[in-house]
Amino acid sequence: KLLGGFKKINHHLPMLSLSNALNENDFSSFYEKILEKNNSTNINLYAEPKFDGLAISIDYKGGEYFSASTRGDGSIGEDVTSNLRTIKSIPLRLHASSQNNIPALLEIRGEVLMLKEDFRELNQKQRKKNEKVFVNPRNAAAGSLRQLDPKITATRRLTFFAYGIGDFRGEGIPRDTHSNVMKYIAAHGLPIAKECDLVCSSAGLLAYYKKIEDSREQLPYDIDGVVYKVNDIAQQEKLGFISRAPRFALAHKFPAQEVITE
């Protein structure tokens, strides 16, 4: 829900959610529809970890950090411009080889989260001060970012990973494939997950899912699944959207974690 203390920002384009696959049947249904719509027997998809964090939109104008907002209800978000400015992994100026390839507007979309190590350190400090400890890194990240006083946010170690571009105005932004979009984002100094991969078959996607699931505990951040996106942007546009989600992307969720307790 939108918090009352923040100013509101209207998103240039809606920040949609993703359809979920909870098992292999859900995944197979998604993949077969993709092939059918594109009249193909094979198709490239971009696979990436699904961060368990807070979705964020950042506007760069003329290459300079301008504003930032939470996802909110998908159409309107909370203005967290000052809070995000304190996150060291977010550049205040886009990197570029020349001023010519700096767009007039570039909206970066991604996720704010707290690394597991930073989460443990934060809770240790909270215990020493006899203050409330956080349940998990996602709650800690959300609570830290959505502070009315940015000075509190600055004391928490938050991290940002980009996963795409929303709106833009200017030349040079790749419009051929999502993988080239991600290379473009990284070249401008924004962090992306190194576990991302380009996969070209149903078996390959399921193998990627299993690999990421097996390495889940060793990753420095929490994830709750993987995301697949059709790599070709023309094919994405052909597939289009349903009311709240794109048809060209899917969140393949991991089973709920189970542990023994007393």
Taking just the alpha-carbon atoms of the range 189-262, what radius of gyration and Dmax come out, in angstrom?
15.1, 53
What are the extents of the Cα atoms of the chain along their three principal axes, in Å, largest first?
60, 58, 34
For the range 1-122, the Cα-Cα pair-distance distribution in 5 Å bins from 0, as whole percents, is 2, 9, 14, 16, 15, 15, 12, 10, 6, 1, 0
What figure, in Å² to the nearest 10, do you get for the accessible area of Ser75 with a 1.4 Å probe and non-protein molecules left out?
70
Given an 8 Å cut-off on Cα distances and at least 6 residues of separation, report the relative contact order of the range 33-189 as a percent.
27
Quick check of the Kirkwood formula: for the range 36-106, what is the inverse mean of 1/r over all pairs of different Cα atoms, in Å?
15.0
Carbon plus sulfur, as percent of the 1.4 Å-probe accessible area of the chain, comes to 50
Loop sites in the range 178-261: GluC sites (Glu not before Pro), DSSP, at most 10 other Cβ within 10 Å:
Glu258
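Diagonalise the Cα gyration tensor of the range 58-166 and give the resulting equivalent ellipsoid semi-axes, square root of 5 times each eigenvalue, largest first, whole Å.
The three semi-axes for the range 58-166 are 29, 14, 12 Å.
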Based on DSSP H runs of at least 4 residues, each adding -39500 (n - 2.57), what is the mean residue ellipticity at 222 nm of the chain after dividing by all its residues, to the nearest 500 deg cm²/dmol?
-8000 deg cm²/dmol
Can you list the lysines whose alpha carbon is less than 21 Å from that of Lys88, not counting same-chain residues fewer than 8 positions off?
Lys61, Lys116, Lys125, Lys151, Lys183, Lys194
Give me the one-decimal nm value for the distance between modelled label points at Ser29 and Arg216, 7 Å along each residue's Cα-to-Cβ direction.
2.2
Using alpha carbons only: equivalent-ellipsoid semi-axes of the range 118-170, gyration tensor based, whole Å
28, 12, 9
Calculated log₁₀ intensity ratio I(q)/I(0) where the Debye formula runs over C-alpha points of the range 165-214, q = 0.14, 0.16, 0.18, 0.24 Å⁻¹:
-0.49, -0.60, -0.71, -0.96
Proximal lysine pairs, the range 196-262, alpha carbons under 16 Å, eight or more residues apart or interchain:
4
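Keeping all protein chains in place, calculate the accessible area per residue for the range 203-262 (probe 1.4 angstrom), answer in Å².
I get 57 Å² per residue for the range 203-262.
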Largest first, what is the accessible-area ranking of Phe248, Phe27 with a 1.4 Å probe?
Phe248, Phe27
Below 8 Å, C-alpha to C-alpha, sequence gap of six or more: please give me the relative contact order for the range 103-262 in percent.
23
Enumerate the calculated ³J(HN,Hα) couplings along the range 130-137 in order (Karplus 6.51 cos²θ - 1.76 cosθ + 1.60, θ = phi - 60°), each rounded to whole Hz, writing x wherever the residue is Gly or Pro.
6, 10, 4, 8, 8, 6, 7, x
Nearest-10 value in Å² for the accessible area of His178, using the 1.4 Å probe
20
Using the eigenvalues of the Cα gyration tensor, what equivalent ellipsoid semi-axes result for the range 102-204 when each is taken as the square root of five times the eigenvalue, whole Å, largest first?
34, 19, 10
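The values are calculated or read from the model by the stated rules, or taken from the named source; none is laboratory data. Fair warning: this is a prediction, and the values are worked out from it, not measured in the lab. Neighbour counts are summed over all protein chains in view; Cβ atoms, including those assigned to glycine, are modelled from backbone coordinates with ideal geometry. Heads up: the accessible areas ignore ligands, DNA and RNA and are worked out on the full protein's heavy atoms, side chains in. Shrake-Rupley method; radii C 1.70, N 1.55, O 1.52, S 1.80 Å.
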